[in-house]
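The values are calculated or read from the model by the stated rules, or taken from the named source; none is laboratory data. Please read all numbers here as calculations on a predicted model, not as lab measurements. In this analysis, Cβ positions are derived from the backbone assuming ideal geometry, glycine residues included, and neighbour counts consider all displayed protein chains.
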Amino acid sequence: MNDNDAQPRIVYQGKFQRMVVRGTWEYSERTNPGGLAAIIIAVTPEDRVLFVEQFRVPLQARTIEMPAGLVGDIHAGESIEQSAIRELEEETGWTAERAEVLVVGPTSSGASSERVAMVRASGLRKVGPGGGDDSEDITVHEIPRTEAAAWLVQMIAKGYQMDPKLWAGLWMIEHDLDGSVRG
């Protein structure tokens, strides 16, 4: 019998994740419907990219991220697009007229079944202060698009942790998934 045929065994179940052993593999699964998170690529009308800063317990460090959140963790049946707009507003205080799913794929296929959707938000308008919900301490950064990559590098030098998907998100501001430049 290979690992693919082995029965999964849940060794820990929490509110948002569970640990699973299947054959010789150990991995985590998201417990929200679909095991999916959305990363929101958002640029304000003033051509500023929205980033969020927060302390992440697993890393024991502050991170810079694009706004993100679990799909369907609050409202069952919520679409990726609806979740993305809700999370954008909650974390940054900006809402969007539209959200477009660009690509969905695994975050770390050797360690987790979680998938992430890269979502481009458009038609942004400011509606509140942002900062996250009561359990979050989020600082919002609005960085000019032309300076965003250099700013991220400066933040790395200051000790912030960065997800490499940030640079994919910056690329997706100006490009469609097939590499063509957005018109």
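Here are some notes:
- Among (1) surrounded by fewer than 15 Cβ atoms within 10 Å (Cβ to Cβ); (2) within 18 Å of the chain's Cα centre (by Cα); (3) farther than 30 Å from ARG18 by Cα - the single one TRP167 does not satisfy: (3)
- For segment 114-132, a residue qualifies if it is surrounded by 16 or more Cβ atoms within 10 Å (Cβ to Cβ), more than 27 Å from SER180 (Cα to Cα) and of a type outside the set (Asp, Glu), and the qualifying residues are GLY130, GLY131, GLY132.
- The one condition from (1) in contact (Cβ under 8 Å) with a residue 40 or more places away in the chain; (2) exposed (fewer than 14 other Cβ atoms within 10 Å of the Cβ); (3) touching a Gly at 6+ places or on another chain (Cβ under 6 Å) that ASN32 does not meet is (2).
- Residue in segment 91-106 that is of a type outside the set (A, V, I, L, M), in contact (Cβ under 8 Å) with a residue 60 or more places away in the chain and surrounded by fewer than 20 Cβ atoms within 10 Å (Cβ to Cβ) present: no
- Residue match in segment 45-67 (condition: touching an Asp or Glu at 6+ places or on another chain (Cβ under 9 Å) and without any contact (Cβ under 8 Å) to a residue 60 or more places away in the chain): yes
- Scanning segment 148-173 for residues that are assigned to a helix (DSSP H, G or I), out of contact with any Leu (no Cβ under 7 Å at 6 or more places or on another chain) and either closer than 25 Å to LEU59 by Cβ or at pLDDT below 95 (or both) yields a count of 13.
- Residue match in segment 145-161 (condition: under 21 Å from ILE85 (Cβ atoms) and either surrounded by fewer than 17 Cβ atoms within 10 Å (Cβ to Cβ) or touching a helix residue (DSSP H, G or I) at 6+ places or on another chain (Cβ under 8 Å) (or both)): yes
- Selection status of VAL101, at pLDDT 95 or above, β-branched (Val, Ile, Thr), within 22 Å of PRO129 (Cβ to Cβ) and assigned to a strand (DSSP E or B): no
- Where ALA121 falls short, out of the listed (1) at pLDDT below 95; (2) in a strand (DSSP E or B): (1)
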